[in-house]
Amino acid sequence: MSLKNACVLVIDDDVDVLTAVRLLLRPEVKEIVTEKNPENIRTLLSKQNFDVILLDMNFKSSINTGNEGIFWLKKIKELRPDVSVIMITAYGDIDLAIRSLKEGAFDFVVKPWHNEKLIATIKEAVKRKDNKGANIPLEPVSPIFETELLGQSQVMQDIFYKIQKIAPTDANILILGENGTGKELIAKAIHQFSQRAIKPFIKVDVGALTESLFESELFGHKKGAFTDAREDRIGRFEAANTGTLFLDEIGNISLHQQAKLLSVLQNRQIIRLGTNEPIPIDIRLVCATNIPLQELANESRFRRDLIYRINTVEIIVPPLRKRGNDILLLAKHFSKTYSNKYLKPQLEFDERAKEKLLNYHYPGNVRELQYSIERAVIMAEDSVLTAQDIIFSPIESTPMEVTEIDETNLSSVEKNTILKVIEKHNGNISKAAKELGITRTALYRRLSKYDI
């Protein structure tokens, strides 16, 4: 069936939305029916067959749970399981909209939508419904933006789908998750899928900036603005103009720094240190923190008005221990990457190695897995990696301070020193040996001696 032969029903209690959709679709489809009251869905479906239904996520109804869209979606699928339902949602309900896909929705569109995108989505819904009268399950999302951003688990598929939906907008994004979960990769993916993809992507670790450097680094300065200001310099906001600015560790900045940042985001302009001239800026803001949102919302730690400003949509990145078989997927990816890097044959994992990988809790998340696999590839003497080849980071399992205080045995001190130096050089044996003042051969002998 072509779109020209399709019958479309639109259900939304916003009259302006109904009018806009009716005007848009009238020349595109055979018939369009609009309905303000979802209570009339049963009557409408009993009188007429529809190919596609556009359903709002929230209504001013007696249900009043925030899940109205899910409620009416279930009713529609009970009455007409073959109809394709497209949910209409706002930024704040994207998580709920993703849940609607599991309840049988074909797709969702975010307000305000692009007309061409809405028509294309309806056309695809008609096409898929026409295939034996039923919806075809959506293929798992396979992001192409970063090879390291991999995942087949449902939680990661939800994140990939969310990225594809929100990236084309200019909504500010807050990425939450533990250290090492891949928040920066998520930020890069949002940029690459956005309308600003060919523009700059600028990262700033704002949590590492001192009070004195914060304004100069972010907003820039004029020559002579302070003692070491020997020349004019643009800040990161200006460098990211027309592109994306990624502020990492946003939860670690002081209340004074938060006030400065909030002023810039509200006014959409910066003032370089040493001048009074405002400079307009056009950036897409993405922020990240390892601090849970509930803790971040503590007014004594973080301004609530700033949270609202940076958090139009939030993405919560799960820890690796909650991603199931993604662990093996990532381990194989890192194994291939480092086998190529170190000119080794492609390596496989035996069953006990796989079991060890799956049963570990990964306090350092993906970053810890990556370094553990790199170390295993470097030390591999066979084409199969065993459980003994996989050694997890002592940095995550043993606090540095405890090691320094408690280790008195000479062999233990030597072993831990070797581990720290290898970790420092990301597994590069040549550099580690040079820093330790021994040959590569001597270092390999010690690695074998300590079963590293």
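From the residues in region 194-208 that are in contact (Cβ under 8 Å) with a residue 24 or more places away in the chain and surrounded by fewer than 19 Cβ atoms within 10 Å (Cβ to Cβ), which one is farthest from LEU273 (Cα to Cα)?
GLN195
Among the numbered criteria (1) open to solvent by less than 60 Å² (accessible area, probe 1.4 Å); (2) closer than 29 Å to LYS222 by Cα, which one does GLU277 miss?
(1)
Would you please list the contacts, defined by Cβ atoms under 9 Å and residues six or more apart or on different chains, that run from a residue in region 430-452 that is in contact (Cβ under 8 Å) with a residue 60 or more places away in the chain and outside any helix (DSSP H, G or I) to a residue that is surrounded by 14 or more Cβ atoms within 10 Å (Cβ to Cβ) and among the basic types (Lys, Arg)?
Listed pairs, sorted by first residue: ILE452/ARG375; ILE452/LYS415; ILE452/ARG446.
Are there any pairs with C-beta distances below 8 angstrom linking a residue in region 106-122 that is under 23 Å from ARG80 (Cβ atoms) to a residue that is part of a strand (DSSP E or B) and among the charged types (D, E, K, R), with the two at least 6 apart or on different chains, and if so which?
Taking only residues 6 or more apart or on different chains, the pairs are THR121/ASP107.
Considering GLY235, GLY251, which residue is touching a Gly at 6+ places or on another chain (Cβ under 7 Å), within 28 Å of GLY177 (Cβ to Cβ) and not aromatic (Phe, Trp, Tyr)?
GLY235
In region 291-319, which residues are of a type in the set (Phe, Trp, Tyr) and over 17 Å from SER254 (Cβ atoms)?
TYR308
Give me the pairs: first residue in region 289-302 and in a helix (DSSP H, G or I), second residue open to solvent by less than 90 Å² (accessible area, probe 1.4 Å) and of a type in the set (Ser, Thr, Tyr), beta-carbon distance under 8 Å, and six or more apart or on different chains, which are they?
Hits for this filter: LEU296/THR289.
Answer yes or no: is there a residue in region 58-65 that is assigned to a helix (DSSP H, G or I) and open to solvent by less than 70 Å² (accessible area, probe 1.4 Å). Steps first, please.
So the first thing to find is which residues in region 58-65 are assigned to a helix (DSSP H, G or I), and the list is none.
No, region 58-65 contains no residue that is assigned to a helix (DSSP H, G or I) and open to solvent by less than 70 Å² (accessible area, probe 1.4 Å).
Would you mind telling me which numbered condition in (1) closer than 20 Å to VAL110 by Cβ; (2) modelled with pLDDT under 90; (3) assigned to a helix (DSSP H, G or I) LYS4 fails?
In the conditions (1) closer than 20 Å to VAL110 by Cβ; (2) modelled with pLDDT under 90; (3) assigned to a helix (DSSP H, G or I), LYS4 misses (1) alone.
Looking only at residues that are more than 23 Å from ILE390 (Cβ to Cβ) and open to solvent by 60 Å² or more (accessible area, probe 1.4 Å) in region 423-452, which one is modelled with the lowest pLDDT?
Here the residue is THR441.
Over 31 Å from the mean Cα position of the chain (by Cα), assigned to a helix (DSSP H, G or I) and modelled with pLDDT of 75 or more: does that describe LYS420?
Judged against the criteria, LYS420 is not a match.
Kindly check whether there is at least one residue in region 7-22 that is in contact (Cβ under 8 Å) with a residue 40 or more places away in the chain, assigned to a loop (DSSP other than H, G, I, E, B) and surrounded by fewer than 21 Cβ atoms within 10 Å (Cβ to Cβ).
Within region 7-22, one or more residues are in contact (Cβ under 8 Å) with a residue 40 or more places away in the chain, assigned to a loop (DSSP other than H, G, I, E, B) and surrounded by fewer than 21 Cβ atoms within 10 Å (Cβ to Cβ).
So which of ILE291, ILE310, ILE327 ends up being at pLDDT 90 or above, surrounded by 14 or more Cβ atoms within 10 Å (Cβ to Cβ) and in contact with a strand residue (DSSP E or B) (Cβ under 6 Å, 6 or more places away or on another chain)?
ILE310
Tell me which residues, restricted to region 177-203, are under 27 Å from SER393 (Cα atoms) and touching a Lys or Arg at 6+ places or on another chain (Cβ under 8 Å).
Within region 177-203, GLY177, ASN179, GLY180, GLU184, ALA187 qualify.
Looking at LYS336, LYS344, LYS356 in this structure, which one is open to solvent by 50 Å² or more (accessible area, probe 1.4 Å), within 18 Å of GLN152 (Cβ to Cβ) and either in contact with a His (Cβ under 8 Å, 6 or more places away or on another chain) or not polar (S, T, N, Q) (or both)? Spell out how you get there, then give the answer.
Details: LYS344 fails: within 18 Å of GLN152 (Cβ to Cβ); LYS356 fails: within 18 Å of GLN152 (Cβ to Cβ).
Testing whether each residue is open to solvent by 50 Å² or more (accessible area, probe 1.4 Å), within 18 Å of GLN152 (Cβ to Cβ) and either in contact with a His (Cβ under 8 Å, 6 or more places away or on another chain) or not polar (S, T, N, Q) (or both) leaves just LYS336.
Has region 68-75 got any residue that is free of Cβ contacts under 8 Å to residues at least 12 places away in the same chain and surrounded by fewer than 16 Cβ atoms within 10 Å (Cβ to Cβ)? Outline the logic, then answer.
Quick first cut of region 68-75, residues free of Cβ contacts under 8 Å to residues at least 12 places away in the same chain only: 71.
Retained after the next criterion (residues that are surrounded by fewer than 16 Cβ atoms within 10 Å (Cβ to Cβ)): 71.
Yes: one or more hits.
How many residues are without any contact (Cβ under 8 Å) to a residue 60 or more places away in the chain, assigned to a helix (DSSP H, G or I) and open to solvent by less than 40 Å² (accessible area, probe 1.4 Å) when one looks only at region 239-258?
Final tally of qualifying residues: 4.
Can you name the residue in region 259-274 that is among the charged types (D, E, K, R) and either open to solvent by less than 40 Å² (accessible area, probe 1.4 Å) or part of a loop (DSSP other than H, G, I, E, B) (or both) and, of all such residues, is nearest to ILE163 (Cα to Cα)?
Among those that are among the charged types (D, E, K, R) and either open to solvent by less than 40 Å² (accessible area, probe 1.4 Å) or part of a loop (DSSP other than H, G, I, E, B) (or both), it is ARG268.
Yes or no, residue by residue, for (1) over 23 Å from LEU296 (Cα atoms); (2) without any contact (Cβ under 8 Å) to a residue 24 or more places away in the chain; (3) open to solvent by less than 10 Å² (accessible area, probe 1.4 Å); (4) of a type in the set (Phe, Trp, Tyr):
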position: GLN152; (1), (2), (3), (4): yes, no, no, no
position: TYR161; (1), (2), (3), (4): yes, no, no, yes
position: ALA167; (1), (2), (3), (4): yes, no, yes, no
position: ILE175; (1), (2), (3), (4): no, no, yes, no
position: GLU184; (1), (2), (3), (4): no, no, no, no
position: GLN192; (1), (2), (3), (4): yes, no, no, no
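The values are calculated or read from the model by the stated rules, or taken from the named source; none is laboratory data. Since we're looking at a predicted model, the values are computed, not measured. For neighbour counting, all protein chains shown are included, and Cβ atoms are generated from backbone atoms with ideal geometry for every residue, glycine included. Calculation scope for accessible area: heavy atoms of the full protein, side chains included, ligands and nucleic acids excluded. Shrake-Rupley method; radii C 1.70, N 1.55, O 1.52, S 1.80 Å.
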